[in-house]
Amino acid sequence: MAIIQHLIVDEYGAFIGKHSERLIVFKGDEKRLQAPLLHLESVVIANQGVSISADAVLACTERGIPIYFLNSMGEPYASLYSAGLTGTIATRRAQLEAYRDHRGLDLVIALAMGKIQSQANFLKYMSKYRKESDPTLYEVLRLDAAEILDERIKLERLTRASDRQEGKRSLEELRQVIMGIEGRAAQRYWEAIRRTVPEKYGFPGREGRGATDPINAALNYGYGILYGQVERAIVLAGLDPYAGFLHVDRPGKPSLTLDFIEEFRPMVVDRTIIGLANKGVEFAQDDKNLLTPETRRMVAERVLERLDTPIPFEGKRYPIRAIIQMQARHMATFLRGEREIYQPSALPW
């Protein structure tokens, strides 16, 4: 029986049941797949019309295996965890209190700095493979990376200015400033990415919901897969995924998940999808410009493979999935006042 770490079920009419120590996927009377619980790390239900038994849900929650539900565009609409994971009161109280003092502001700036550093590093990574074949693009990408890092310097200055104010400047006051810096870096970053994507994909630059081109559709779906991993790390660290800092609170909006995911978008999803595009991989779409089921599965599998890729972190090499969990725990200890600073991770190049 094959080892399956991430069970992806996206076939309409499929049923996930449990027998002995494994999950079994049926379509009608036909047994499609078996996944031993011993090796399973997540279950992704990525289509309507897929059902799962209560026994399967119980087996997963007892073993700490999350179950994620995504729509056809990769947008997560539900997650199932063990109810006991939400009982970390001390950490959540510290998280809520941090919004009103320097910890919330310091965390937001650190997350933004990590995202911008990873964006610049990804451009440098792409440039080094073009030094000989396309010297002009090599120089342009290096310049773009340098200009993105200029925005990171502005965040560092913002931190020092806030320190001089002895904590008097609040997150509320600086939210728009930080978002403006992030926005300028992102604009430069995606314009640089657009130059590297083959013309056949018709990539217009970054577009979110409602995007019709294959690259943005694949990016959006990949972010949905990453979202589940990030949310899981936050919950396991004892934090509330709905009590964020930079993203404004709204009912049903997982603000902390949206804050925290930014640190990992470039190193996980952007690196994966843009890498596939530069290899000429097809992202097939249907007549509604949605990714076909086969393409969605391919994107999910590649993103999950990327999450299992070891990269340097804190003097050693860890899978990115483990780094996300470690960073979530670092964030929790920082918010509890047990760590002086939150140090963001960055994509190596």
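The values are calculated or read from the model by the stated rules, or taken from the named source; none is laboratory data. These numbers come from a predicted model, not from an experiment. FYI the Cβ positions are ideal-geometry reconstructions off the backbone, even for glycines, and counts take in every protein chain you see. Ligands, DNA and RNA are excluded from the accessible area calculation, which covers all protein heavy atoms including side chains. Shrake-Rupley method; radii C 1.70, N 1.55, O 1.52, S 1.80 Å.
For the residues 281, 303, 248, the requirement of being part of a helix (DSSP H, G or I), touching a helix residue (DSSP H, G or I) at 6+ places or on another chain (Cβ under 9 Å) and either over 20 Å from residue 105 (Cα atoms) or modelled with pLDDT under 95 (or both) singles out 303.
In region 290-308, is there at least one residue being touching a residue at least 40 places away in the same chain (Cβ under 8 Å), aliphatic (A, V, I, L, M) and open to solvent by 40 Å² or more (accessible area, probe 1.4 Å)? Yes - at least one qualifying residue is present in region 290-308. Exactly one residue out of 328, 332 is touching a Leu at 6+ places or on another chain (Cβ under 6 Å) and closer than 21 Å to residue 261 by Cβ: that is 332.
Please tell me if residue 111 is among the hydrophobic types (A, V, I, L, M, F, W, C) and either within 30 Å of residue 275 (Cβ to Cβ) or surrounded by 14 or more Cβ atoms within 10 Å (Cβ to Cβ) (or both).
Details: among the hydrophobic types (A, V, I, L, M, F, W, C): yes; either within 30 Å of residue 275 (Cβ to Cβ) or surrounded by 14 or more Cβ atoms within 10 Å (Cβ to Cβ) (or both): yes.
The answer is yes for residue 111.
Of the strands (runs of 3 or more DSSP E) entirely within region 1-82, those holding at least 3 residues that are at pLDDT below 90 and either open to solvent by 30 Å² or more (accessible area, probe 1.4 Å) or under 22 Å from residue 238 (Cα atoms) (or both) occupy 76-80.
Quick grid of which residues meet (1) more than 29 Å from residue 333 (Cα to Cα); (2) without any contact (Cβ under 8 Å) to a residue 60 or more places away in the chain:
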| residue | (1), (2) |
| --- | --- |
| 144 | yes, yes |
| 153 | no, yes |
| 187 | yes, yes |
| 218 | yes, no |
| 235 | no, no |
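Filtering region 178-189 to residues that are open to solvent by less than 10 Å² (accessible area, probe 1.4 Å) and not aliphatic (A, V, I, L, M) leaves only 189. Evaluated against (1) open to solvent by 40 Å² or more (accessible area, probe 1.4 Å); (2) in a helix (DSSP H, G or I); (3) farther than 27 Å from residue 319 by Cβ, residue 192 falls short on exactly one condition, (1).
Among the residues in region 323-331, are any of a type in the set (Lys, Arg) and within 30 Å of residue 95 (Cα to Cα)?
Of all residues in region 323-331, those of a type in the set (Lys, Arg) come to 329.
Okay, now just the ones that are also within 30 Å of residue 95 (Cα to Cα), so 329.
Checked against the condition, which is being of a type in the set (Lys, Arg) and within 30 Å of residue 95 (Cα to Cα), region 323-331 yields at least one hit.
When only residues in region 131-158 that are of a type in the set (Val, Ile, Thr) and open to solvent by 40 Å² or more (accessible area, probe 1.4 Å) count, which is nearest to residue 116 (Cα to Cα)? The selected residue is 153. When region 237-272 is filtered for residues that are more than 13 Å from the chain's Cα centre (by Cα) and among the aliphatic types (A, V, I, L, M), the ones remaining, listed by number, are 237, 239, 243, 246, 248.
To keep it simple, each residue is scored yes or no on (1) of a type in the set (S, T, N, Q); (2) farther than 26 Å from residue 270 by Cβ; (3) within 21 Å of the chain's Cα centre (by Cα); (4) in a helix (DSSP H, G or I).
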residue	(1), (2), (3), (4)
90	no, yes, no, yes
94	no, yes, no, yes
110	no, no, yes, yes
114	no, no, yes, yes
117	yes, no, yes, yes
120	no, no, yes, yes
123	no, no, yes, yes
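Number of residues in region 309-327 that are assigned to a strand (DSSP E or B), touching a residue at least 24 places away in the same chain (Cβ under 8 Å) and in contact with an Asp or Glu (Cβ under 9 Å, 6 or more places away or on another chain) equals 0.
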